[in-house]
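Here's the structure we're looking at; comments come further down.
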Amino acid sequence: MRAPVATEPGAELPTREVGPVTQTDVVRFAGAGGDFNPLHHDPEFARSAGFSGVLAMGQMHAGMLAAWLTDWAGVEHLREYEVRFAAPVFLGDTLSFSGQVLSVDDGIAEVQLAAVRDEDIVLRARAAINTG
């Protein structure tokens, strides 16, 4: 087991860029999670639903953000994780993950996270991490 990450309020997590999102990424995630909604693989269907094209499942980039967070803190130290989807992610998008420690109290750090495409936030998240 890894030691808890030592951190303090205001600390910035090291950023990570992922992408561009490919159709293969989406298909692999669909197979793993069983989400075969045509929004994720049928361009005509996605356009008829008002989107510019096929979009990735929200849980896919929520999972990538969680993986980035636990690479930093250790999955064994993750106590809470919640997300809010703000915008769809499309094929070809590259996401930038960032985070900041908001507070540390009684050995628990509250962390604010975001996934951003260009200037648009596509996902906001909050996590609680054991720090000691």
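The values are calculated or read from the model by the stated rules, or taken from the named source; none is laboratory data. Just so we're clear, the structure is a prediction, and the values are computed from it rather than from any experiment. Here Cβ is always computed from backbone atoms with ideal geometry, including for glycine, and neighbour counts include all displayed protein chains.
For (1) out of contact with any helix residue (DSSP H, G or I) (no Cβ under 9 Å at 6 or more places or on another chain); (2) modelled with pLDDT under 95; (3) surrounded by 15 or more Cβ atoms within 10 Å (Cβ to Cβ); (4) closer than 19 Å to Arg28 by Cβ, each residue gets a yes or a no:
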{"position": "Leu65", "(1), (2), (3), (4)": "yes, no, yes, yes"}
{"position": "Trp72", "(1), (2), (3), (4)": "yes, no, yes, no"}
{"position": "Arg79", "(1), (2), (3), (4)": "yes, no, no, no"}
{"position": "Glu82", "(1), (2), (3), (4)": "yes, no, no, no"}
{"position": "Phe97", "(1), (2), (3), (4)": "no, no, yes, no"}
{"position": "Ile108", "(1), (2), (3), (4)": "yes, no, yes, no"}
{"position": "Arg117", "(1), (2), (3), (4)": "yes, no, yes, no"}
{"position": "Asp120", "(1), (2), (3), (4)": "yes, no, no, no"}
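Reported count of residues in the range 1-39, each being surrounded by 17 or more Cβ atoms within 10 Å (Cβ to Cβ), among the β-branched types (Val, Ile, Thr) and touching a Phe, Trp or Tyr at 6+ places or on another chain (Cβ under 8 Å), is 3. Screening the candidates Ala128, Ala86, Ala62 for the property of being within 20 Å of Glu12 (Cβ to Cβ) and touching a strand residue (DSSP E or B) at 6+ places or on another chain (Cβ under 7 Å) yields one hit, Ala128. Would you confirm, using the coordinates I've provided, whether Ser52 is touching a strand residue (DSSP E or B) at 6+ places or on another chain (Cβ under 6 Å) and surrounded by fewer than 15 Cβ atoms within 10 Å (Cβ to Cβ)? So Ser52 does not fit the description; no.
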